[in-house]
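Notes for the one structure printed next.
The values are calculated or read from the model by the stated rules, or taken from the named source; none is laboratory data. No experiment lies behind these values; they were computed from the predicted model shown. Glycine gets a Cβ as well: all are built from the backbone with ideal geometry, and neighbour counts include every protein chain shown.
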Amino acid sequence: MDRRSLLRLGGTALAAAVAGCGGDDGTETDGDSPGTDGGDATPSPSPTPTETPETATPTETPTPDSALTGTPTPTATPGSAATPTGTPTASPTPTETPTPTATPRQAAQVVAVADGGLSFSPETFEISTGETVVWVWHSSGHNVRPETTPSGSEFSGTPGGDGDLYDEGHEFSFTFEAPGEYEYYCSPHRSVGMTGSFTVTE
């Protein structure tokens, strides 16, 4: 009886062991196959290509940005060109040329007409032949009329007759070629002593 039960036990244990080995082999084989295949798939260079496009894209993007940054620099250059435009502010030089006003006043003598009173100032003076006298009106309602002139003189005073009067700011000039004594007056104010005289020398 003991022998039989031993045999049975031994047979059962063997069967179990065989069954266990077979199950382990099948499991290991399945595990090995995918493990081996999976091992082959793991080393596959799939991650490498993924990294390559990423690195290339960011590197090229900054390049055009920097190119744009360089463009504004030349834009600033034309801005500086506007600076020389400011330099021509030397335009006051032409503005300062009020000298032409003095050009017609190339006078040897300037006479003020009624400057603060009914008189000519200076009342008498002397010039040389070929020189010019300019009368400048400082108030309105006056003229310059000759009373005596030397022979050969063409001096006839302000244009018009005794009744032609001129306003403040008016100027009358004459160049004297004939030497001699000249006397003149303001016709509306002659009676109050608004007279003058001068001598032209050779």
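Here are some notes:
- Among the residues making up region 134-153, those that are under 57 Å from the mean Cα position of the chain (by Cα), of a type outside the set (V, I, T) and under 24 Å from P179 (Cβ atoms) are W135, R145.
- Any chance V192 is assigned by TED's automatic domain parsing to the domain that holds P122 and touching a Leu at 6+ places or on another chain (Cβ under 9 Å): yes
- Selection count, region 122-136, where residues are buried (at least 16 other Cβ atoms within 10 Å of the Cβ) and among the polar types (S, T, N, Q): 1
- Taken over region 167-176, the criterion of being among the acidic types (D, E) and surrounded by 13 or more Cβ atoms within 10 Å (Cβ to Cβ) is satisfied by E168, E171.
- Scan of region 180-202 for residues that are surrounded by 14 or more Cβ atoms within 10 Å (Cβ to Cβ) and part of a loop (DSSP other than H, G, I, E, B), ordered by number: C186, M194
- Matching residues in region 161-179 - criterion: being in a loop (DSSP other than H, G, I, E, B) and within 18 Å of A114 (Cβ to Cβ): D162, G163, D164, L165, D167, E168, G169, H170
- Criterion (without any contact (Cβ under 8 Å) to a residue 60 or more places away in the chain and more than 20 Å from V110 (Cβ to Cβ)) met by exactly one of G193, G152, G157: G152
- Residue match in region 152-166 (condition: surrounded by 15 or more Cβ atoms within 10 Å (Cβ to Cβ) and among the small types (G, A, S)): yes
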